1. Can you pull out the residues in segment 208-219 that are modelled with pLDDT under 90 and farther than 21 Å from PHE141 by Cβ?
2. Among the residues of segment 190-210, are any assigned to a loop (DSSP other than H, G, I, E, B) and polar (S, T, N, Q)?
3. Starting from residues that are part of a helix (DSSP H, G or I) and of a type in the set (A, V, I, L, M, F, W, C), keep the ones in segment 98-124 and report whichever is surrounded by the most Cβ atoms within 10 Å (Cβ to Cβ).
4. With in contact (Cβ under 8 Å) with a residue 12 or more places away in the chain, farther than 26 Å from SER60 by Cα, of a type outside the set (Phe, Trp, Tyr) and touching a strand residue (DSSP E or B) at 6+ places or on another chain (Cβ under 8 Å) as the only criterion, which of VAL138, VAL121, VAL125, VAL198 stands out?
Amino acid sequence: MSYRFPWYRLSDEHLLDLRICDLALKIKGSFLEPHIKRLYSELNDRGIRFKPHVWLSEESRCAFVRVIRNYKPKLILTPQWDDPHPDHSNTARIVREAARLASMRRYDEENGQEAVRVPAVAHSVFSRLVPPSFVVDVSDFLEGKMKAIKAHASQFFRPGSDEPVTRISDPGFLTMMEARTRYYGSLIGVEAGEAFYVREALNIDDPVSLLTRPMNIYS
């Protein structure tokens, strides 16, 4: 069944047979939108910078299904699913759900795209102490990585800034970021590495080729 239909016309019995994600509910334009705006306004009036995240994810999930079906990726890299930052963890959930839904022929069928094979999903290892499934040698790109991160200067430590102190604005945060990359590199015997975790069992064509690559026996 398409996820876009006038669900409010259904009988109670039919409605109870449906999943919430099939109802095409959106915050924008709904009775919820002015209440959320009022909440943000009241928080701002009280000098509270924090704005709680509010969302109904079907719109985002469907949009990403369309991206997957258009580009047909074999692998998608996404944040850790239990990252403490709500944007990161919810992005990971949307990616995992969309990867599965993209393979379902009846999902969003009115858009005219063909279903695709479920792509592999790998999560970056950063915010949780998770043993990585694999580490990629990024030694040649470490300098460029740090330059790209530092381009977002307003997010990090600035002497004399009157912004609230956060974890990433700590003076040692960027040093920690680089040290972490070098640590993961040390696990495979190189200068720098990016670690990833895959929830599913890996299907390997050639274990000899994989396991005879240089490794650090002390990692």
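The values are calculated or read from the model by the stated rules, or taken from the named source; none is laboratory data. Keep in mind the model is a prediction, meaning the values are calculated, not measured. All Cβ positions, even for glycine, are placed from backbone atoms using ideal geometry, and neighbour counts span all protein chains on display.
1. Going residue by residue through segment 208-219, those that are modelled with pLDDT under 90 are 209-219.
Scanning segment 208-219 gives SER209, LEU210, LEU211, THR212, ILE217, TYR218.
2. Filtering segment 190-210 for residues assigned to a loop (DSSP other than H, G, I, E, B) gives 190-192, 198-206.
Still in the running and polar (S, T, N, Q): 203.
Yes, there is a match, as at least one residue in segment 190-210 is assigned to a loop (DSSP other than H, G, I, E, B) and polar (S, T, N, Q).
3. This residue is ALA98.
4. Criteria check complete, one pass: VAL138.
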